[in-house]
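Take a look at the structure set out below.
Just so you know, all these numbers are worked out from the coordinates, no wet-lab data involved. Everything quoted here is computed from the prediction, not taken from an experiment. Note that we place each Cβ from the backbone using ideal geometry, even for glycine, and neighbour counts take in every protein chain shown.
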Amino acid sequence: MYVRVFAAAWLLLCVGLAVLAWGFQAPFAYDPVGPRAYPLLLIVLMAAGSLWLIFKPGSDPAPVFDKAMAHKVVLCVLALLVYALLYELLGFVLSTSISVFALGLLFGGRPLPCAISAALMGGLMFGLFDYLLDVPLPLGVLGLLEN
């Protein structure tokens, strides 16, 4: 019950955020997609998740928020904070790979598949944004390899 109420509230928040994000305008064109594409994509994904939680079949009980889950939440927030702090210093590829690896381990993944997924995620996402979408991303320490 509480999950569906939370999902409905989150869906309303997504609608409000979409209205705000739709008005994003850049004073100059720094990338071909514009400033609103990425926030709108995230909002659509969050709204789809909310709709799934509202209309999902079955009546699974909500997970119990105990000390172990609180510990995982704190570690997840710390991993994302470290990602944000290391983003420019290490660059997109390395910081993304490190955070994906850490989050994979946090959610019970085995080290080797987490490392492979992290390397692929960092590299492929960089290729998607930098080459296909023409959105410049920081290279960080990998910028030394560019020359």
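Structure summary
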{"quantity": "FRET efficiency estimate (nearest 0.05) - Cβ-Cβ, residue 52 to residue 105, R0 25 angstrom", "calculated": "0.45"}
{"quantity": "Cut-off 20 Å, label 7 Å out along Cα→Cβ of residue 72, residues of segment 93-122 by amide N", "calculated": "99-115, 117-118"}
{"quantity": "Segment 34-123: chymotrypsin sites (Phe, Trp or Tyr not before Pro) in DSSP coil with no more than 12 other Cβ atoms inside 10 Å", "calculated": "65, 107"}
{"quantity": "When the convex hull of its Cα atoms is projected in every direction, mean area for segment 66-147 (nm²)", "calculated": "5.9 nm²"}
{"quantity": "Rg/Rh (Cα only; Kirkwood hydrodynamic radius) as it applies to the chain", "calculated": "1.02"}
{"quantity": "Segment residue 38-residue 13, length gained on full extension (0.36 nm per residue, minus Cα span)", "calculated": "7.3 nm"}
